[in-house]
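Written out below as C-alpha cells is the structure these notes cover.
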Amino acid sequence: MKRRGDAAAPALVLAMRPGLAACGGSSNSHTTSTPSTTVPPAPAIRATLTAPTHTPKVNAPWHDVVRVTNGAGHPMPAVVHLQAMFQGVAVGQIGLHKVSNGVWSETINWPAASVGQALVFQALATALGTTLTIDYPLQVAPA
C-alpha cells in the first residue's frame, strides 16, 4: 500500500546581533521560541492488498485479498472497489463489493489483451467515511 510521508514544515529563524535593537527597543536581550510540531492522528481505517505476484500469467488464476481494519487492527465492514488502471485511466472494472467482515477475496484470470501492458491493479477501500487507495503495479505475462 502507498503511504504518504509528512514533510516537516520549514521553520523561520530570526537571529539578533548583540547591540542591535529591533522594533525601536534598546534591549540586547531576545526571546527564543521553539516551533511546536503536531502529529497527525492515526488513520481511522487501514487496508491491505495481497496477491501472489506482480507478473500474473494470462488466463491463469491470480488470487487477491483485500483486508480492511480499524486503527486497532480489527476487521470492519467496508466497500471495496477493484479496477485495472492503465496510465491513470480505469480500463477494467473488476467489481464493487460490500464486505461485512472486512475481507474481500477473489480469483482473476487476466485476459490476453492485457499481456505486456504496464497495468495497476487498484483497490479502493471505503469505511467510516474514509477511502484508502492501494495501487498494485503488475504486468501480465504470456502463458
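We did not get these values from a lab; they are worked out from the coordinates using the rules stated. Computed from a predicted model, the values in this text were never measured in an experiment. Every residue, glycine as well, gets a Cβ built from its backbone with ideal geometry; the counts of neighbours run over all protein chains shown.
A few notes on this one:
- 5 angstrom amide H check on Ala60, placed H, neighbours 5+ away: Trp110
- Taking the number of Cβ atoms within 10 Å of each Cβ as an exposure proxy, the fewest-first ranking of Phe86, Phe121 is Phe86, Phe121.
- Relative contact order, whole percent, for the range 45-139 stands at 34, derived from Cα pairs under 8 Å and 6 or more residues apart.
- Förster radius 41 Å - calculated FRET efficiency between Thr37 and His74, Cβ distance, rounded to 0.05: 0.90
- Phi angles across the range 85-97 convert, under the Karplus curve 6.51 cos²θ - 1.76 cosθ + 1.60 with θ = phi - 60°, into 3J(HN,Hα) values of 10, 9, 6, x, 10, 5, 10, x, 8, 8, x, 10, 10 Hz, Gly and Pro given as x.
- The range 119-143 residues near the modelled Lys57 label - backbone nitrogen below 13 Å, point 7 Å along Cα→Cβ: 141-143
- Gained length - Val65 relative to Ala112, 0.36 nm times residue gap less alpha-carbon distance: 14.7 nm
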